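Data block below; observations after.
The values are calculated or read from the model by the stated rules, or taken from the named source; none is laboratory data. A quick note: this is a predicted structure, and the numbers were derived from the prediction, not measured. Here the Cβ positions follow ideal geometry from the backbone for every residue, glycine too, while neighbour counts run over all protein chains shown. Quick note on the areas: whole protein, heavy atoms, side chains included, nothing else; ligands and nucleic acids left out. Shrake-Rupley method; radii C 1.70, N 1.55, O 1.52, S 1.80 Å.
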Amino acid sequence: MPNAGAFKSWYESGDVGGWGDMKASGYLLSNAFRRSSSTPPEKLTSVKKWRVFEGMVETVGKKGAKGKVGGRDLEDAMREWMD
């Protein structure tokens, strides 16, 4: 995990490439590879994994939890979502 200052800057940034952009694009990417248009997004495994990662980023960003939430590492959650 990058240093706390870099993370906070990225998380709070309203610029292109900040957390706001990743939040929107992460959800769209997770929802993009549906096998059926009748399946609601929240039932997709990729969207569920994204929501876990998103929640962890929000927790770390708001509380400064040093990259761990509930004993889980933020990087591990991101890798799980990306798999």
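Some observations on this one:
- The alpha-carbon positions of the stretch 1-48 define a convex hull whose volume is 92 Å³ per residue.
- DSSP loop trypsin sites (Lys or Arg not before Pro) with at most 14 other Cβ within 10 Å: longest gap in the chain: 1-34
- Both radii come from the Cα set of the chain: Rg as radius of gyration, Rh as Kirkwood radius; their ratio Rg/Rh reads 1.00.
- With the whole protein complex present, VAL52 retains an accessible surface near 70 Å², based on a 1.4 Å probe.
- Heavy-atom accessible surface of the chain: percent carbon and sulfur, 1.4 Å: 55
- Simple Cβ-charge dipole of the chain, Lys/Arg +1 and Asp/Glu -1, about Cα centre, in debye nearest 20: 300
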